[in-house]
1. Please report how far the C-alpha centroid of segment 88-132 lies from that of segment 158-199, rounded to the nearest whole angstrom.
2. Relative to the Cα centre, what is the charge dipole magnitude of the chain, using +1 at the beta carbon of each Lys and Arg, -1 at the beta carbon of each Asp and Glu, and rounding to the nearest 20 debye?
3. Going toward the positive end of the dipole of the chain, with +1 on Lys and Arg Cβ and -1 on Asp and Glu Cβ, which of 173, 308, 326 do you reach last?
4. Given only helices, namely DSSP H runs of n ≥ 4 each adding -39500 (n - 2.57), what is the per-residue ellipticity at 222 nm of the chain, to the nearest 500 deg cm²/dmol?
5. Report the full-extension gain for the segment residue 314 to residue 27: residue separation times 0.36 nm, less the Cα-Cα distance, to one decimal in nm.
6. Roll a 1.4 Å probe over the protein chains and send me the accessible area per residue for segment 238-375 in Å².
7. Classify segment 318-386: rounded, prolate or oblate, from the alpha-carbon gyration tensor (a ≥ b ≥ c, eigenvalue square roots; a/c under 1.5 rounded; otherwise prolate if a/b is larger than b/c)?
8. List the residues of segment 212-245 whose backbone N lies under 16 Å from a point placed 7 Å from the Cα of residue 99 along the Cα-to-Cβ direction.
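The values are calculated or read from the model by the stated rules, or taken from the named source; none is laboratory data. Remember, it's a predicted structure, so these values are computed and weren't measured experimentally. For neighbour counting, all protein chains shown are included, and Cβ atoms are generated from backbone atoms with ideal geometry for every residue, glycine included. Please note that ligands, DNA and RNA were not included when accessible areas were found on the heavy atoms of the full protein model with its side chains. Shrake-Rupley method; radii C 1.70, N 1.55, O 1.52, S 1.80 Å.
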Amino acid sequence: MVMPFAFALNAELSDVPSVFEFPVRDDLRGVISYGAPQLDVPVCLNVNENPFPLPDDVVDAVTEAVHLVAKGLNRYPQRDAVELRQELSGYLYRESGVQIPWQQIWAANGSNEVMHQLFLAFGGPGRLAMSFDPTYSMYPEYARDTFTNYISFPRGADFTIDIAAACQQIIENRPTLVLVTSPNNPTGTALGAADLTKLLATARECGAILIVDEAYAEFRRVGTPSALELLSEFTNLIVTRTMSKAFGMAGTRLGYAAAADPAVVATLSVVRLPYHLSSVTQAVAVAALAHSQSLQAQVATIRQERDALQEWLIAQGLNVAVSEANFVLFGTFSNRDRIWQRLLDQGVLIRVTGPAGYLRVSIGTPTENDRFRAALMSALRDEGQS
Ligand SMILES: *Cc1c(COP(=O)(O)O)cnc(C)c1O
């Protein structure tokens, strides 16, 4: 019998049985927690962070903001995070040219929490969430936690979604939530506006919400629109974003959603925990948003580095997904775990993820990317694959 949480009590202390079996939910028994290894290595290219430290002007602004709120930490935070949501609205306008009233923006501790809240509000027992694999591995976990059924359909060989088939799947399966990640993790591929429009229209007809997870939106290519542009047309659209990736603030834990209808925000405030966003988080995020320009320069560098790395990988004769994000999925290897280990042995940590035979590397600083290239060359030589 599997008893993940069991320990021996001191038998002398009482007559109760010496082993306590925790009443873990049946569906959680033996399940291990999600997460990429956090290893202390020189070159960390495994969780798609922005590799650059915060610029000095942002550090100064953040420090001052924390100093200002510190005295008031005896009080609970502002529950509705109004100033933060106004700043997020301003940022989205600067980034995507789309004006979204702050009342239609929701913020929480990372877009993971936002998504979890969306499942709490719009999923639940007897309901279905639908997605397209390979994609972000957390979606089935939100579904499990909220007792939502989950179904995933495979993408094509080039990792695109067959839109006609997807619409048919929505019609047949009647999900309440459809999740599309664009640019997608772990493939980096993005969805065009025409395809997104078709999905949204079908979802709306079927009473489904379409969530577009735009965690990597800032890295998209020129000409790839943000789903934010479709908010005014489709009331069933919710776009989620994060400050963890392009914004370079993964440590802050701030994610947000823009919804076509303020009713979404009202519903999310029903399921959120009291005072879910700390005063410190709110102050740090507001300060950083006011300095978003100094972060944009980093994004430009990362995009150039991505394009260069992608071309280099192709030149090595590898299969490479066309990435609009800050990572590249490449392969295929008969033993990807061994390649991963050979890179790690050289101080370069990447990620084993995606379809069989593939590996994913996050874009680092130019120096880190050089180290990755050198390490991969050596690994391929050792494996006799180049
Ligand atoms: C990294 C990532 C997120 C962001 O998570 P946070 O909780 O905001 O740090 C969301 N969706 C996808 C697909 C991601 O890869």
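1. First find each Cα centre; the distance between them is then 17 Å.
2. Working: 29 positive and 40 negative charges, 50 e Å.
Charge dipole of the chain: 240 debye, to the nearest 20.
3. Working it through, the farthest residue towards the positive pole turns out to be 173.
4. Details: 11 runs with 146 residues, N = 386.
Computed mean residue ellipticity for the chain: -12000 deg cm²/dmol.
5. Details: separation 287, 0.36 × 287 = 103.32 nm, distance 4.27 nm.
Using 0.36 nm per residue and subtracting the Cα-Cα distance, I get 99.1 nm.
6. On the way: 4940 Å² over 138 residues.
Ligands and nucleic acids excluded, the result is 36 Å² per residue.
7. On the way: a/c = 1.63, a/b = 1.07, b/c = 1.53.
Oblate is the answer for segment 318-386, as a/c is 1.5 or above yet b/c matches or exceeds a/b.
8. 229-233
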